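The structure appears right after this line, and notes come after that.
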Amino acid sequence: MGGSDAPDWVIEGAAVATVDAAGTEHSEGHLVVSGGRIAAVGAGPAPESAVPAGARRVDAAGCLATPGLVNTHHHLSQWLTRGMAPDSELFSWLSELYPWWACVTAELEHVAALGALFALATSGCTTTMDHQYVFPKRGGDLLAAEIEAAALVGLRFHPARGSMDLGQSAGGLPPDDVVEDTDAALAATDDAISRWHDASPGAMVRVTVAPCSPFSVTKELMVGAAELARTRGVRLHTHLAETTDEDAYCAERLGCTPAQYAESLGWLGADVWVAHGVHLDERSCAMLGATGTGVAHCPSSNGRLGAGSAPVPELLAAGVPVGLGVDGSASNESGELWNELRGALFTARARAGARALGTREVLRMATMTGARCLGREDELGSLEVGKLADVALWRVDTVSNAGIEDPVAALTLGARPPLSLVLVGGRAVVKDGELVTVDASFVAREVAGAVRRLRERRVAGR
């Protein structure tokens, strides 16, 4: 997907928010895309000398061009369990849903991923990770199933091979039948890296090592996972400090805060990003900032589960790279990444005042800083010459947004603007608000059937 065989494009007349280091913007500018990368960006019409022969021209008047959005935390398989435990907090929510996730097969995983990736793509996302940490013993190759789905939809994909080895009988939260043996989990993770990880420039698939959380993973697995990731040169991801229950669990069983526990295991560093970080005190924020550890902020999921509001202004002040995440579709039923820009902006301001987070800051979190969390800041996250042509073109001239003076404010404060075009590596994934790679009615039918089959498996006890 993308690359030298992708179409060339000339996009002219749009407002352009490059999200480069200087925050360069053009009220009316152009983008030239060639060979799957950005060949030119600037004010006014594109110079004819920069236009490749045969390039597709787009009159983007009334649009805002931004980098494609980057999703830093998700659980794609949960698309099939949306709406369950609607009034629960995290631990009881997990307890209710673990048995459902234990019934997922590779065939169901593929359909769930199609549904979740559809929602991401049509909300401006061009790169997403997925944290899959439940691997039923007879479920088949779940990771392969979602990688295939990402290829069909056309998104850049960072599957995180998760794991759990601390079941209820050993003091953990998950049922024993959904956890793995420690050595088996590490071996499967190593195999996933060998099979799927692509370290080459412009890669569509990169694998992350991602044991689930302090309350579902042993110290041995956490340490072994960190050693494996650093030996293989891939990144690390886990849940951390999501709820007060997790804080209490760490204090009672480990004698420290979640951040202190992560530090003791070698789990802080520039190659690590954690999900949520809701309950991080001042010292913990400083620890993450000093080590370059990133945070995936998931405001909708945190609100849905009543987990609280992450201290985003404090994290940013401490130098922590903060990206945005949808989180699992079962704790964020819309599954759309655009919602998280508005959610992050409003929750930060509700906590700490109107100046706590700016419209440009939240756009940077959704693009450039998200790319940094995934280790792709040299290739993704801004509209700069030489970077991959992952572009979102938003219509800000419709009834909902016309007249909002600042197009970035229209995107982050207003109603979700329709998408005129989404490119991934120069290839069109969305046109005029519609996914062009997979038929929407097909996805809807497949999801409905998969939900029915999952329910049948659950009733039959798999």
- [ ] Give the peptides 410-421, 153-164, 198-209 in descending order of average Cβ contacts within 10 Å, highest first.
- [x] 153-164, 410-421, 198-209
Task: Calculated mean projected area of the Cα convex hull in nm² (choose from (1) 31.0; (2) 20.2; (3) 24.2), label - done: (2)
Open item on the list: Below 8 Å, C-alpha to C-alpha, sequence gap of six or more: please give me the relative contact order for the range 154-273 in percent.
Closed with: 25 percent
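Ranked from highest to lowest mean number of other Cβ atoms within 10 Å per residue, what is the order of the peptides 42-48, 63-69, 377-383? Provide the component values of the computation, followed by the final result.
Working: 42-48: 13.1, 63-69: 27.3, 377-383: 21.0.
With the highest mean Cβ count within 10 Å placed first, the list reads 63-69, 377-383, 42-48.
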Task: Gain upon complete extension [Arg230, Gln260; 0.36 nm per residue less C-alpha separation] - done: 8.8 nm
Open item on the list: Once you place label points 7 Å from the Cα toward the Cβ at Arg453 and Ala40, how far apart are they in nm?
Closed with: 5.0 nm
Task: For the range 69-373, size of Cβ-based charge dipole, Lys and Arg +1, Asp and Glu -1, in debye - done: 1140 debye
Task: By average C-beta atoms within 10 angstrom, highest first, the peptides 433-441, 325-333, 237-245, 141-149 - done: 325-333, 237-245, 141-149, 433-441
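For the range 272-326, what's the relative contact order in percent, using C-alpha pairs closer than 8 Å and at least 6 residues apart? Intermediate values should be presented prior to the final figure.
Working: 92 pairs, mean separation 24.4, N = 55.
Relative contact order of the range 272-326: 44 percent.
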TODO: Answer rounded, prolate or oblate for the range 38-93, using the Cα gyration tensor with square roots of eigenvalues a ≥ b ≥ c: rounded when a/c is under 1.5, else prolate when a/b is larger than b/c, else oblate.
DONE: prolate
Task: the chain: relative contact order in percent, alpha carbon pairs under 8 Å with at least 6 residues between - done: 21 percent
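Please work out whether the range 402-457 counts as rounded, prolate or oblate from its C-alpha gyration tensor, where a ≥ b ≥ c are the square roots of the eigenvalues and a/c under 1.5 means rounded, while otherwise a/b larger than b/c means prolate and anything else oblate?
Details: a/c = 3.64, a/b = 1.98, b/c = 1.84.
It is prolate, given that a/c is not under 1.5 and a/b is the larger ratio.
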Task: Extension gain (nm, one decimal) between Asp20 and Ser95, 0.36 nm per residue minus Cα-Cα - done: 22.7 nm
Open item on the list: Cut-off under 16 Å on the C-alpha distance; same-chain residues fewer than 8 positions from Lys219 excluded. Which aspartates and glutamates are left, in chain and number order?
Closed with: Asp165, Glu180, Asp181, Asp183, Glu227, Glu246, Glu252, Glu263
- [ ] Starting from the Cα of Asp378, step 7 Å toward the Cβ, then list every residue of the range 191-215 with an amide N under 14 Å from that point.
- [x] 199-203
Open item on the list: If you average the C-alpha positions of the range 1-40 and of the range 329-403 separately, how far apart do those two centres end up, in angstrom?
Closed with: 17 Å
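Bear in mind these aren't lab numbers, they're just calculated from the coordinates by the rules spelled out. Note that the coordinates shown come from a computational prediction; the quantities given were computed from them, not determined experimentally. In this analysis, Cβ positions are derived from the backbone assuming ideal geometry, glycine residues included, and neighbour counts consider all displayed protein chains.
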